[in-house]
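Worksheet: one structure, shown below.
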Amino acid sequence: MSFVIYDLETSGLEPQWNVPLQAAMIHTDAELKPLGELSLRCRLPAHIVPAPGALLTTGLRPEQLEQAPLSCCEMLGTIARALQAWAPATVIGYNTLKFDEEMLRHAFFTHLMPPYATSLSGHRRADLLTMVRAVAMLEPDALTIPLNGMGKPSFKLGDICRANGIALSEDEAHDAMADTRATLALLHHLREVAPTTVATMFALADKGMPSRMLASRRVVLLGGVSKLTPVVGVTSNPEVATSWAAVDLTVDPADYLDLPIDEIVALFSARGVRPIRTVKTNAQPILIGYEQGCHALPDDQRDFALYHERAIRIGEHAGFRGHLAAAMLARFADREPSPHHEATLYARGFLSNDDARACARWHASPWDQRLEIAAAFSDERLKAFANRLTLMEAPQSLSPLAWQKGQAWLRERLMTQADVPWLTIPRAMAEVATLRQTLPNDEAARHALLDAIERWLGERGRFFQLAA
């Protein structure tokens with residue numbers, strides 16, 4: 001199987017309210033020899049205010065947000081076509097499963113593209129950060145883990161690369177292609193110094209492997225940020241097959257086996273040692289056979305006989321498995337869905353096949369035909385996204401009244417003083433002021449960038465105030 005290594009630089013940290021601004025992708029063969037690459041930049045969509053802190057981190061100047069060659073929709077379409085053309089592959093990056101994947105999924109969703117493109121067409125998803133953590137736990141002599149200024153291990157891509165002889169300077173970091181090339185080099189290095197752990201982790205990128213391990217009811221080791229924990233799988237979520245509940249076998253089952261459902265729910269977020277862990281089998285969890293990883297446990301936790309006895313007791317308990325499955329369903333049962341369409345990707349199930357086909361037709365059709373296609377969507381979210389995209393990409397195809405409504409929506413979106421979950425221009429200006437107070441005085445270039453960001457935000461704000 002080939003690999004697709006990628007990285008995104010974004011307008012902010014929250015996937016529901018931000019978009020990728022830069023993307024880099026390298027397609028390689030099974031031996032990590034490059035076969036092709038993409039380096040893309042896009043313009044900032046008009047309805048999004050970039051986080052000043054994100055711009056300060058990436059070094060992007062406001063004029064770059066407006067002068068990039070592609071619209072956001074065009075860049076996402078290029079990414080989607082590359083993923084389709086390079087399938088099947090293992091799609092991998094550094095900290096991608098928690099960040100870049102979520103950003104890409106939400107951006108695809110709001111731009112009428114398949115949200116789960118990295119899981120379709122035979123693709124598998126992996127994360128090099130997870131693999132680095134696994135190597136650090138299982139083969140600590142294979143990789144140098146540097147310490148940060150606080151004396152704690154640093155797993156930042158640049159720090160890990162530099163500590164292991166891979167060039168990625170601070171100036172290069174947060175450039176999508178530089179980060180992608182460094183990720184590829186680090187993957188090469190890991191395969192050389194820790195081939196067994198790397199092979200194990202790539203096997204876990206196929207969701208079937210961790211699912212089978214948890215369903216076996218055998219004692220296995222679950223990796224977290226820095227340590228392994230002996231666990232046994234109990235049940236999957238009745239509504240989400242890729243979400244499993246496992247129990248920490250260092251905790252006496254007598255503490256929880258006979259609890260009612262509501263008290264089991266509380267155990268998922270208990271402070272201290274949590275007896276119940278949620279494992280996402282489609283997110284490359286660190287799941288290791290006990291014999292393979294027991295050497296990494298502290299001496300006082302190497303008690304397989306105890307863990308085996310507890311696993312049997314849990315498996316034979318008459319009601320615990322059913323109560324735990326019910327608790328998984330009840331955890332978020334009272335959570336109110338967001339009133340904002342962008343935040344509902346996971347709240348309303350998958351798009352219908354009819355709507356998915358209609359989205360593809362929408363993208364393939366001339367703008368003067370897209371309004372009619374969008375009107376036939378059964379999902380109201382897609383209609384709203386289509387209207388927004390038309391306003392951004394082809395306002396000439398809107399009626400005068402629809403254009404006026406779109407401008408009023410855009411003005412309210414950017415300038416509202418209401419407590420909304422996205423970043424507005426007034427809140428971004430306040431963030432600039434906070435950043436200026438915390439930025440060291442001797443960092444002249446970053447102060448100049450902050451000044452440019454403030455001027456740009458001010459100009460946008462005055463434009464919409466005048467328009468009102």
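The values are calculated or read from the model by the stated rules, or taken from the named source; none is laboratory data. Because the structure is a prediction, the values reported are computed rather than measured. All Cβ positions, glycine included, derive from the backbone under ideal geometry; neighbour counts span all protein chains shown.
Scanning the stretch 323-371 for residues that are hydrophobic (A, V, I, L, M, F, W, C), modelled with pLDDT under 95 and not in a helix (DSSP H, G or I) yields Phe332, Ala333, Ala347, Phe350, Leu351. The helices (runs of 4 or more DSSP H) found wholly in the stretch 43-160 and carrying at least 1 residues that are at pLDDT below 95 and surrounded by fewer than 18 Cβ atoms within 10 Å (Cβ to Cβ) occupy 52-58, 62-67. In the stretch 196-212, the qualifying residues are those that are surrounded by fewer than 16 Cβ atoms within 10 Å (Cβ to Cβ) and either of a type in the set (Gly, Ala, Ser) or not in a helix (DSSP H, G or I) (or both), and the one that is farthest from the chain's Cα centre (by Cα) is Ala199. Being surrounded by fewer than 18 Cβ atoms within 10 Å (Cβ to Cβ), under 22 Å from Pro153 (Cβ atoms), of a type in the set (A, V, I, L, M, F, W, C) and modelled with pLDDT of 95 or more: is that true of Val193 here? Spelling it out, Val193 is indeed surrounded by fewer than 18 Cβ atoms within 10 Å (Cβ to Cβ), under 22 Å from Pro153 (Cβ atoms), of a type in the set (A, V, I, L, M, F, W, C) and modelled with pLDDT of 95 or more. Checked against (1) in contact with a helix residue (DSSP H, G or I) (Cβ under 9 Å, 6 or more places away or on another chain); (2) part of a strand (DSSP E or B), Leu35 passes all but a single condition, namely (1). Of the residues making up the stretch 209-238, those that are at pLDDT below 95 and small (Gly, Ala, Ser) number 2. Per the listing Ala266, Ala270, Ala241, Ala176, the residue uniquely modelled with pLDDT under 95 and crowded, with 23+ Cβ neighbours inside 10 Å is Ala176. The set of residues in the stretch 280-303 that are exposed (fewer than 14 other Cβ atoms within 10 Å of the Cβ) and in a helix (DSSP H, G or I) comprises Glu291, His295, Asp299, Asp300. When Leu257 is tested against (1) touching a Pro at 6+ places or on another chain (Cβ under 8 Å); (2) in a loop (DSSP other than H, G, I, E, B), only condition (1) is not met.
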